[in-house]
């Protein structure tokens, strides 16, 4: 059924093992106090911070190439966050030829840069590479922090670049980053009336793309485990739509639970030990929780309606879900034992609310809204009590938001009318900063991984 | 409609032929030959116990309103025909597919398609078809028959399809 494949999911701590964090051999630069280069992303719309990211110089031809590519990856990550405006390297006046070069701050200020990323890539006799960086506050004329260095195999340069982008993001915003992450999604091809759908996985920026299944079976709605290299998803294997577990490293997959009819809409609990899902019996869908250790399931809702798309709160103490028990599909929240079911969305003009996903920060629930007066679909967020609704993205068909692990960015898919293109987009909570995620073909049902451990 | 137009053309052709003397006798001969042969038997259609008969004569499809799953009055006759046929051929089994239009979300549409398939099943069971002969499957919005984003097309996609085996 599935292609055999192995993905390298190198733990971050192994990348770091050879790293000399802290002192980077440049003792001349005392670590200043935390500089004043700071973006407050809790404000509404943020003016992106001008930042200069020159190519990291290398010590060998190979490391020179890696240094150029690393700077490009870091630049793209920071730009796509909407919080940074990387400056065009063509205008750079100073060549940052090594980590020992002291920035000429007047030159960088003249370009309007507020921050500068200095780096280097050193080829080692062992064949390893050492990638180091140091962030500067251009106006304050001091380091933002000591920077870090990573010793790694050359082929890991891209992951190290994302990790460095996360470090810079964190240094300047005070929030954890989300660039060293992956996305699992459904790759679509073929005619709309008989679509071929495959599980696929890629880095958050679309790189390192791989197919996980061969398309022999219709597959939908993959979701990442928060703790393991595992995905839960829906497959129509043998013409029975059921929830499966898929191990990314081994390719092994198994059916989850023993439901008499269709099971669907799975999602992991934050501790990775449970999966909550819908199971249908005689046309009625209810929500069940499966314990992955005991393989026992318990029913959480018992209502003659479609109760579906359950999703845990980040603390694992509540579940939001969608139900049409009130006549149209709306959002509800309940305790994890099924008690205290409470409606939180009240769509005007028959607007439906669907696919709730709880922010990793716990403060918001993202959703799809549709079938209101104008017929459009929307991606929006509301507080877990239903207040403070904000719509972030709109289209003929936009659907299925998934959170970046820092709770600041959403990814979703958008479909054009008449069976047109289907693609993934990211948008931040301001609703201003929308990007298409480049995929080899049509793409839907994205799910963002946690930060790779 | 196309057939009727062709017939009209053929008739016009015959009339034109009638105006041209050399063809006149030929046309008359054809007309005579037709009156002499015995009337042809009714066109041979699919055998009444065949899947083709079920699909084309009985009717294998019903449709639903937006976000609804009740069998419409118009479609009850189709399902009565299906039940009658299934009762007549008890060796046949049926799988009912529930489908939705694109104006709903993926998972909800799976639930809605399941509801639609089960609504058809319940109707057939109420007319005496044994439930053990009926399977259901929901395809949600995954298998449209029509991909124009307009109500006419969405209405075609909101369907229950009975596939007999």
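The values are calculated or read from the model by the stated rules, or taken from the named source; none is laboratory data. Since we're looking at a predicted model, the values are computed, not measured. Every residue, glycine as well, gets a Cβ built from its backbone with ideal geometry; the counts of neighbours run over all protein chains shown.
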If you scan region B:155-165, which residues turn out to be more than 10 Å from chain A (Cβ to nearest Cβ) and not in a strand (DSSP E or B)?
B:155, B:156, B:158, B:165
What number goes with the only condition from (1) crowded, with 23+ Cβ neighbours inside 10 Å; (2) more than 27 Å from the chain's Cα centre (by Cα); (3) closer than 24 Å to residue A:61 by Cα that residue A:99 does not pass?
(1)
Quick one: is residue B:79 at pLDDT 95 or above and away from chain A (no Cβ under 14 Å)?
yes
Looking only at region A:375-433, which residues are within 13 Å of another protein chain (Cβ to nearest Cβ), closer than 21 Å to residue A:346 by Cβ, touching a strand residue (DSSP E or B) at 6+ places or on another chain (Cβ under 8 Å) and not in a strand (DSSP E or B)?
A:376
Of all residues making up region B:96-119, the number that are more than 7 Å from chain A (Cβ to nearest Cβ) and out of contact with any helix residue (DSSP H, G or I) (no Cβ under 7 Å at 6 or more places or on another chain)
4
Can you say whether residue A:293 is free of Cβ contacts under 8 Å to residues at least 60 places away in the same chain, over 26 Å from residue A:369 (Cβ atoms) and assigned to a loop (DSSP other than H, G, I, E, B), as far as the supplied structure shows?
yes
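Would you say residue A:372 is surrounded by fewer than 20 Cβ atoms within 10 Å (Cβ to Cβ), part of a loop (DSSP other than H, G, I, E, B) and either more than 14 Å from chain B (Cβ to nearest Cβ) or on the phi > 0 side of the Ramachandran plot (or both)?
no
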Would you be able to tell me the number of residues in region A:248-269 that are more than 14 Å from chain B (Cβ to nearest Cβ), surrounded by fewer than 20 Cβ atoms within 10 Å (Cβ to Cβ) and more than 23 Å from the chain's Cα centre (by Cα)?
5
Those strands (runs of 3 or more DSSP E) completely within region A:147-227 that have 3 or more residues that are surrounded by 22 or more Cβ atoms within 10 Å (Cβ to Cβ) and either within 14 Å of chain B (Cβ to nearest Cβ) or free of Cβ contacts under 8 Å to residues at least 40 places away in the same chain (or both) are A:182-189, A:219-224
Taking the stated definitions as given, is residue A:241 facing chain B (nearest Cβ under 10 Å), more than 25 Å from the chain's Cα centre (by Cα) and surrounded by 20 or more Cβ atoms within 10 Å (Cβ to Cβ)?
yes
Inside region A:296-312, the number of residues satisfying the requirement of being more than 14 Å from chain B (Cβ to nearest Cβ) and either closer than 24 Å to residue B:109 by Cα or not in a loop (DSSP other than H, G, I, E, B) (or both) is 6
Quick test for you: out of A:322, A:280, pick the one residue that is under 27 Å from the mean Cα position of the chain (by Cα) and closer than 23 Å to residue A:268 by Cβ.
A:322
Search region B:120-136 for residues being in a helix (DSSP H, G or I) and within 11 Å of another protein chain (Cβ to nearest Cβ), and hand back the single one that is surrounded by the most Cβ atoms within 10 Å (Cβ to Cβ).
B:120
Check residue B:152 against each of (1) over 16 Å from the mean Cα position of the chain (by Cα); (2) more than 9 Å from every other protein chain (Cβ to nearest Cβ); (3) in a loop (DSSP other than H, G, I, E, B) and name the one condition it does not meet.
(3)
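Taking the stated definitions as given, is residue A:306 under 20 Å from the mean Cα position of the chain (by Cα) and either buried (at least 19 other Cβ atoms within 10 Å of the Cβ) or under 26 Å from residue A:245 (Cα atoms) (or both)?
no
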Condition check for residue A:335: touching a helix residue (DSSP H, G or I) at 6+ places or on another chain (Cβ under 9 Å) and away from every other protein chain (no Cβ under 13 Å):
no
Any idea which of A:283, A:327 is within 12 Å of chain B (Cβ to nearest Cβ), buried (at least 23 other Cβ atoms within 10 Å of the Cβ) and free of Cβ contacts under 8 Å to residues at least 60 places away in the same chain?
A:283
